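A short worksheet on the structure shown next.
Only the coordinates and a few stated rules stand behind these numbers; no lab work does. Computed from a prediction, not measured in an experiment: that's the story for all the values here. Ideal geometry is used to build each Cβ from the backbone, glycine not excepted, and the neighbour counts take in all protein chains shown.
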């Protein structure tokens, strides 16, 4: 259902059952999937790709050009997965030639006033709290939760199943499965509650706690901790994800 007070470019590809409220603007080169609802005063600009069964609340802007001086008008996208909710005044910018796209996965919740900058990749089932701000080329893995007012520096990677305390400043990578907060941001333990909600077993949680004891609590430097974990702790998908994340970190991980 397309509201007559909306402005919709004739070249936009919009599924027949999409609901569009008044004063919505939809530009050319936009694709919107089935079952999506767009509330009043939303702006969807060139390059937006929005999946099925999304909800986009008033004041949101999807697909604006990057706030990046290296952007020179290249054709890029801002992609939103299925079943994602975008609350009031959220902004999701297009990519640049760095990655050519900005991506928010499926089943995500972007709360009011949050910002997703150019070339950022957000996984599936991620929650971004009110007024949290992600700079360019951030990567967030599946099931991460950022509480309200979190500020994430450009190029930071955030692992899966992480929870970050509200108001945190995140200048370094956050490895998977942890709770983190304080000032400066630091390791606060395993995200036990979140892992249990996602059906991790007690054994898996204990194994992860032991991995992070080596990394943060036994006095080893990071390189030594990784070597000892590989030699002394049993192989598991979770262990290897943590090790791979840390080995591939370019900014270094948060402090203990």
Exercise. Could you calculate the contour length gain from residue 251 to residue 198, that is, 0.36 nm times the residue separation minus the distance between their Cα atoms, to one decimal place in nm?
Key: 16.2 nm
Quiz item: What shape does the stretch 187-256 have by the C-alpha gyration tensor, where a ≥ b ≥ c are the square roots of the eigenvalues, rounded means a/c under 1.5, and otherwise prolate means a/b greater than b/c and oblate the rest?
Solution: prolate
Practice problem: Calculate, in nm to one decimal, what residue 230 and residue 98 gain on full extension: separation in residues at 0.36 nm each, minus their alpha carbon distance. | Solution: 44.1 nm
Exercise. Please tell me the relative contact order of the chain in percent, rounded to the nearest whole number, where contacts are Cα pairs under 8 Å and at least six residues apart.
Key: 9 percent
Quiz item: Shape of the chain from its Cα gyration tensor (a ≥ b ≥ c, root eigenvalues): rounded if a/c is under 1.5, otherwise prolate when a/b > b/c, or oblate?
Solution: prolate
Exercise. Extending each Cα 7 Å along its Cβ direction at residue 218 and residue 31, get the distance between those two points in nm, one decimal.
Key: 4.8 nm
Exercise. Counting helices only, and only those DSSP H runs with n ≥ 4, report the 222 nm mean residue ellipticity of the chain as the sum of -39,500 (n - 2.57) divided by its residues, in deg cm²/dmol to the nearest 500.
Key: -4500 deg cm²/dmol
Quiz item: At a Förster radius of 35 Å, what calculated FRET efficiency corresponds to the Cβ-Cβ distance of residue 182 and residue 53, to the nearest 0.05?
Solution: 0.40
Quiz item: Pick from 188, 179, 111: which residue has the top mean-square fluctuation in a GNM of the chain where Cα pairs under 10 Å get a spring?
Solution: 188
Practice problem: Under 1.5 on a/c is rounded, so check that first for the stretch 7-137, then, if it is not, pick prolate when a/b is larger than b/c and oblate when it is not; a ≥ b ≥ c are the square roots of the alpha carbon gyration tensor eigenvalues. | Solution: oblate
